[in-house]
Structures are given as structure tokens and as C-alpha cells.
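Below you'll find the structure, written out as C-alpha cells, and then a few comments.
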Amino acid sequence: MDRVLIVDDKESFRDMLKETLVGEEFEVVAVGDGKSAKVETGASRFDVALVDLRLPGKDGIHVLRDLKKEDATLPVIMMTAYGSVETAVKAMKEGAYDFIAKPFDTDHLIILIKRAIEEGKLVKENIYLKSEVRRKYSYRNLVGASEQMLKLYELIERISKSDSNILVEGETGTGKELVARSIHYASNRHSRKFIAVVCSALPEPLLESELFGHKRGSFTGAIRDERGLIEEADGGTIFLDEIGDAPLSVQAKLLRVLEEGEIRRVGDTQYRSVDVRVLCATNKRLADEVKAGRFREDLFYRLNVIAISVPPLRERRKDIPLLAEHFLKLYSAKMKKRVLGFEKEAMEFLVRSDWPGNVRQLENVIERSVALGDTDKILLKHLEGGMSEPELLSSLAGMPQENLKAAGAWGRRMAEKELISKALQEAGGNKSQVARRLEVSYKTLLAKVREYGLG
């Protein structure tokens, strides 16, 4: 039952209003002054408050301030028989939900109360969801207790409160976006948007329009003005993944965002101010890209104010058992399967493996093992078919035995995965180059990369 607090010094009015609201199935507490109201709100929760403007001792505006200090999400409706525009404006500036003049129509008041309660609940829910997102992406929820990860946590905590641009470096699958989200949600911008963009996922014209927006008629299909993602992230954080693959034309416009805090939509002549923190990630050595002429030197120095290196999994093997247990719990719960742990040989195999796809590859292998496993523990045979570079016997152990067609399909997948993984490593993660080399479309390659957990 929704709870209403009435604060009015006239006892007859309090009683009449309380009786009316109780008849509408509200739980009502009625008091005669601000001091009593403070006692009530300190002792229990209310969904809405009705406060008279003229009260003994502290007036209604002071009571409004006290109530909002106690609970900033509490909707407060001010009531008065001596209303004026100036008084109403003052009350609204102090945080009142609405202002109603006496005598009022009770039906109108009840509608107003119900609307205030619904909006108050939405505000509370929004705050709760934001706090849950912030908790979820806190660096304290990153999994790892190795020396490298402890240093990473310390660095995230130190830099999160600054507004400096940050470059997150690391191999594919190491968790660079999770690190970027942790920085955002630990920063003073945590209540605003975090928007992630994969720079290699879109061709040059689409990437420029996606980031900076466009004017109607600026190109075929531009039927209306559109804000870009950098404008959408105003006040928050934009995360540019695979920044090393951004075309030079886009790099030039990004430089203006960093230097001047301005963007210009495609086809527009007007610059627009933005307040956005820029976090970037790359699996390439940008210094080498600068030397090769593929990345602007001035942009590199602007982005590289603070560099964070996320270590590959093979350099923090101590964390593999922790990560494996974390993913086992996650996917056991998702699939509603009772899997209690790993046999000794299986865990030794995980720790011994080099994991070229890093944490993402480990996660995919554990998910596959939970899905295909038929025991209450993960066995070595459950893991081998999901590895990208298994030993010959391990590969054969994971091969389907039903018929040649199934075995052939499995072998093709293993060969595709190995070939794409090797090509990505040799091309430094450049997917466009890999697509040309393997003679497939860029879209097909992206689908295969996602399917096999390679980036």
C-alpha cells in the first residue's frame, strides 16, 4: 500500500484529507508541523508528501528542504490557500513535485498523488538500475588476483577521477572494454552515458556519420538530421575500440573533438560543443602505425595521455583457475546445469594452454564445455574440442564420432578457426587485410571471428 504524509497545521483539514485518502486505499500519516514531519520521515518511508505552505515554526518551504534532504526522490506536493506565481516558482525551484491551491478538487488531488507516486517509483528504479550497472562494471568485479591485475586495479582507481584521455592497449580478448567501463563507472561521469564504438566494424563513410552525425540530404538515405554517438555521449564517455583501424579522415575530426571540444555533423557548416571523455583501445602498436603513416601523430599524442596495458592471459596464468571457476558458475546458472568444478587434469590443461584469444577464448571454451558436458565436473575431454591450438590427440578426442559428415564439419570449423586466428596474428589484428588475404567478404570474416571467439 502506498504511504502518504500530510503536513498541515489545521486539524480539521488534516482529518478530512486523511479520511478521503484512506478511502482511496492509501496508508496515511498526518502531522501538524515540520518537526513532527521530520520524526515521521526519519522513522519510516513515504511515497509522497502533501505539505502546507504556512506552518507554525518552520514554513512549508523549509519543511520541503528538510524532506528532500532526507529523501531526494520523495515527491512533495505543496498546498496553500495563499498561492501566488512567485511562491509556486520558489517551491518548484526547491524541488517540489507540484503546487496546488486550496480549496481543491479532491479527484484532481488524487490523480496528482497517483501520478507523483508513479514518477517517484520510476526515479527510484532508475537510480537503483544505475547503481547496479555501476556495481557490475566496478573494477572490483574484474576477475584476477595476479600481481599484474592488482597493479591494473590500482591504476584504474587512481586515474578514474581525472578527465584525461586514456589509451587501453592489449591483445584481442583481454577485456579492454571491461577496463574502459570500469574507468567510466568509477569516474565523476558515472551517471551519464557510456557509449562504445568498434571503429573497424563500419566502412569509412558510415563510421564518420555514426560518430559525428549528419544533416538531412548530406548523402543518399540521409532523410533527416541525426545526432552522432559523440553527441549522444555528451557529459559522459565515448569508448573507441580498435582505434588503430579508424580512417585518417575520421582521425582528423576526432582530433578536433579532443583539442576544441567540438564536432561538426556530416554535411553541416556549424560546429557544436560537446563535453565528452574519450577512452580508446587498440590491439596494435600505435607508435608503429604512426611511423607507417596509417595513424596521425598528433592524435596519437592526444590519446596517449595515460596508457593502460591489459596483460594477456598467458602472462597471468595464476588467474586462469579464478576465471575458469567464474565462467563455470555463470554458465551453469544460465543453462540450469549442476556442474560443481573441474577434474584435476582439466584444470591443469587450462593453466598450461597459451590462450591466443585470451579471456574471451577461455570463456567460450568453458561455455561450450558446460553446454556439452554430461557429468557434474568438467573433464579434459570436454575442453579439447574448443581449443584453438590443441595437440593432435586432444583434437581427435574432441571430434564427433557419429559419421563422416559430422566429423568433416567439425574438421572444417577447426581448420577455419586455426587459419583465421593465425592470419589475425600475422596481420596485427587488421581484419580488412585478413578478409582480402582469405578471399572472403569483410562481413563474413566478422561473423566467423565472433563465432569462433577470436576478437
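Read the figures in this text as sums done on the coordinates, not as results from a lab. Nothing here was measured: the structure is a model prediction, and the numbers come from that model. Heads up, the Cβs are rebuilt from the backbone with ideal geometry, glycines too, and the neighbour counts pull from every protein chain shown.
Structure values in brief
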{"quantity": "Cross-link pairs beyond the 21 Å C-alpha cut-off, checked among Lys161/Lys284; Lys344/Lys381; Lys176/Lys431", "calculated": "Lys161/Lys284"}
{"quantity": "Stretchable slack from Arg314 to Glu154, in nm (0.36 nm times residue separation minus alpha-carbon distance)", "calculated": "55.5 nm"}
{"quantity": "Mean Cα-pair separation over length for the chain, i.e. relative contact order, pairs under 8 Å, 6 or more apart, %", "calculated": "11"}
{"quantity": "Computed [θ] at 222 nm, helices only, for the chain once each DSSP H run of length n ≥ 4 contributes -39500 (n - 2.57)", "calculated": "-15500 deg cm²/dmol"}
{"quantity": "Proxy reagent accessibility, fewest Cβ within 10 Å first, across Met1, Met347, Met79", "calculated": "Met1, Met347, Met79"}
{"quantity": "Rh (Kirkwood; distinct C-alpha pairs) - the range 3-133, Å", "calculated": "14.8"}
{"quantity": "Tensor-based shape of the range 10-52 (alpha-carbon gyration tensor, a/c under 1.5 rounded, otherwise prolate or oblate)", "calculated": "oblate"}
{"quantity": "Positive-end extreme of charge dipole, the chain - chosen from Leu167, Val310, Ser441 (charges on Cβ)", "calculated": "Ser441"}
{"quantity": "Least to most buried among His382, His108, His62 (fewest other Cβ within 10 Å first)", "calculated": "His108, His62, His382"}
{"quantity": "Evaluated at q = 0.05, 0.06, 0.09, 0.12 Å⁻¹: base-10 log I(q)/I(0), Debye formula over Cα of the chain", "calculated": "-0.31, -0.43, -0.80, -1.04"}
{"quantity": "For the range 234-345: relative contact order, % (alpha-carbon pairs under 8 angstrom, 6 or more apart)", "calculated": "26"}
{"quantity": "Förster-model FRET efficiency, 35 Å R0, Val123 and Lys334, C-beta, rounded to 0.05", "calculated": "0.65"}
{"quantity": "Loop trypsin sites (Lys or Arg not before Pro), the range 176-232 (other Cβ atoms within 10 Å of the site Cβ: 14 or fewer; DSSP)", "calculated": "Arg216, Arg224"}
{"quantity": "Antiparallel bridges, percent of DSSP beta bridges restricted to the chain (to nearest 5)", "calculated": "10"}
{"quantity": "Relative exposure of Cys280, Cys199, judged by other C-beta atoms within 10 Å (fewest first)", "calculated": "Cys199, Cys280"}
{"quantity": "At least 24 Å along the helix axis (C-alpha) and Kyte average at least -0.5, DSSP helices within the chain", "calculated": "106-136, 404-426"}
{"quantity": "Selection of trypsin sites (Lys or Arg not before Pro), the range 325-368, meeting DSSP coil and at most 14 other Cβ within 10 Å", "calculated": "Lys336, Lys337, Arg338"}
